[in-house]
Amino acid sequence: MTTNLTAHRRYAVLRGLPLYMRERPSISKTLLDTEALEDHTKNMKMGILEVVKESADPSRSLTSVVNVAVVLEEEVVMDNLPDYTDAFILLFGLMYALNIEYPKDLKYTFEVVQKVFLHLGNECTARVQSLKNKLVHM
């Protein structure tokens, strides 16, 4: 069983990874529990929707999230997921299994998950190899 601290660390790593890889973190959207999911899936090729309580603090703490959903091709394919981390990994798994190309603006983020975290494949781009080397020398 993971502790709350471990869950927060995983969340922070996956949220911060696009920023560290110098990419725009465009994979997720946050909406209020009073809004319809369908309104936010329009023009969304893939991503994660986080539904928060209407009275929630704008800092989006993990405790205010009431629903997390995975979107592919403007359709919610999975919802009521426990947290952002599970949704991210499920989205990655769907993209990998269905052989869907990674979004161009998150190419390095998904490459890190594939090749550094999950050890699927050997050859890395220079940017990902740099992160991998830094992690090995920690």
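Calculate for the chain the 222 nm mean residue ellipticity that helices alone would give, adding -39,500 (n - 2.57) per DSSP H run of length 4 or more and normalising by residue count, nearest 500 deg cm²/dmol.
-11500 deg cm²/dmol
Can you figure out the FRET efficiency of Asp33 with Glu101, using R₀ = 35 Å and their beta-carbon distance, to the nearest 0.05? Intermediate results must be reported in sequence, preceding the final value.
Details: r = 32 Å, r/R0 = 0.92.
Efficiency, rounded to the nearest 0.05: 0.60.
With axes computed from alpha carbons, what is the tilt in degrees of helix 84-97 against the longest principal axis of the chain, rounded to the nearest 10 within 0 to 90?
Roughly 60 degrees between the two axes.
Going by amide H atoms built from the backbone, whose H comes under 5 Å of the H on Thr30, apart from near neighbours?
Amide H neighbours of Thr30, under 5 Å, 5+ apart: Glu50.
So what J values fall out for the stretch 40-51 if you push phi through Karplus, 6.51 cos²θ - 1.76 cosθ + 1.60 with θ = phi - 60°, rounded to Hz, Gly and Pro as x?
For the stretch 40-51, the Karplus-derived couplings read 9, 8, 4, 6, 9, 5, 7, x, 10, 10, 10, 9 Hz, x marking Gly and Pro.
Taking amide hydrogens as modeled 1.01 Å from N in the peptide plane, which residues meet the under 5 Å criterion relative to Asn67, leaving out close sequence neighbours?
Those qualifying (amide H under 5 Å, at least 5 residues apart or on another chain) are Val51.
Apply the Karplus curve 6.51 cos²θ - 1.76 cosθ + 1.60, θ = phi - 60°, to the phi angles in the stretch 8-18 and return the couplings in whole Hz, x for Gly and Pro.
For the stretch 8-18, the Karplus curve yields 5, 5, 4, 4, 5, 5, 6, 6, x, 4, x Hz.
On a 0 to 90 degree scale, rounded to 10, what angle separates helix 126-136 from the longest Cα axis of the chain?
Computed tilt is about 90 degrees.
A short reminder: the numbers here are calculations on the coordinates, not readings from a lab. Since the model is a prediction, treat every value here as computed from it, not as a measurement. Here the Cβ is made from the backbone with ideal geometry for all residues, glycine too, and neighbour counts use every protein chain on show.
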